[in-house]
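Notes follow the structure.
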Amino acid sequence: MNAEIIPLITELQRFDNKEGYALGYREVSRRVEPTRGKLIALGENALPSLHDLLLHEERWSCIFALEILREIKSGQSVPHLVAYIQKNEDGEYWDSCEGAMLALGAIGNPAVPSLLEAVKASFAEKRFLTFLVEALTRIRHDEVYAFMVDIVEDYLNDRDNYQGWFRPDMFTYGFENQARKEVLPLLRRLGTTPLSQDESGEIQGTIRVIEDPEGYEDGMKKMAEGLKPILLPAGKKTGRNEPCPCGSGKKYKKCCLRKA
């Protein structure tokens, strides 16, 4: 760790204590913003120190390290981010895995080989690591698309092998990111299989957005505008798959739910 990075990492860790946790994320984030900006500017020179912070998922500094890695977008971070999700998704700090997922998505194509290997390994163990799967399927890539098609076809041919652990709805909404209409017949076949109401609704939504992304977005925006007077003043919760009340045209889970 060079002399320029040491004080920045120390400052990032300044709130890793009882008083810091009592302040809450927004306040601590505001206070460390200058430090975060300097570490982002240092780029790959700061990576070893930032990767070390990921070993302590219970600390604020870990959360900010994930955010900084998302901005630096270095392929060197991929194994550390994958390991972070593998370690934490089933544990107490599972929600922080979203930061690692977003960082992997921002890195993009360089993350694909490691993510493919990790997802295939987890599937072989009959484990569906949601953040790992979404990190992979949010990257538009030929190998990712081919893998997704192979998995859905195998699921259709041998559903018993996937019972109890596989989430067809959470896996297939990644096809929205691949944006390839040739997958539609496969998704329609999937939609005819026995599914829960939520699973069926999710898959039908994926079909609609691939068929007509502009029309789907416009429809979601209009529906969100109509829901605003109902949802926002009354303080009612928005469902994960409902239009986001902000009017973005995205589903709530892919928009303001992340901010919440």
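Tabulated data
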read-out: Part-to-part distance (alpha-carbon centres) for region 46-99 and region 173-198, which is given in Å; value: 31
read-out: Length-normalised contact order for the chain - Cα pairs under 8 Å, 6+ apart - percent; value: 10
read-out: Extension gain, ASP160 back to ARG31 (0.36 nm per residue minus Cα-Cα distance, nm); value: 41.3 nm
read-out: Sum of side-chain charges, ARG140 neighbourhood, beta-carbon under 15 Å (Lys, Arg +1; Asp, Glu -1); value: -2
read-out: Neighbour-count order for VAL119, VAL112, VAL149, fewest beta carbons within 10 angstrom listed first; value: VAL149, VAL112, VAL119
read-out: Label point distance in nm, ALA179-THR193, each placed 7 Å from Cα along Cα→Cβ; value: 2.8
read-out: Residues LEU23, LEU47, LEU190, LEU69, sorted so that the one with the fewest Cβ neighbours within 10 Å comes first; value: LEU23, LEU47, LEU190, LEU69
read-out: Region 61-139: relative contact order as a whole-number percent, Cα under 8 Å and 6+ apart; value: 35
read-out: Peptide ranges 81-87, 31-37 listed from the most packed, as the mean C-beta count within 10 angstrom indicates; value: 81-87, 31-37
read-out: Ranking of MET170, MET148 by count of other Cβ atoms within 10 Å, fewest first; value: MET170, MET148
read-out: Answer label, with Cα extents along the principal axes in Å calculated from the coordinates and candidates (1) 60, 46, 30; (2) 46, 40, 38; (3) 72, 69, 32; value: (1)
read-out: Derived scalar couplings ³J(HN,Hα) [region 167-177; Karplus, 6.51 cos²θ - 1.76 cosθ + 1.60; whole Hz; x for Gly, Pro]; value: 10, x, 5, 6, 6, 7, 5, x, 5, 4, 6
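Here, each number is a calculation from the coordinates, and none is a lab measurement. Here the structure is a predicted model, which is why all the values come from computation and not from measurement. Don't worry about glycine lacking a Cβ; one is built from the backbone with ideal geometry, like all the others, and counts go over all protein chains shown.
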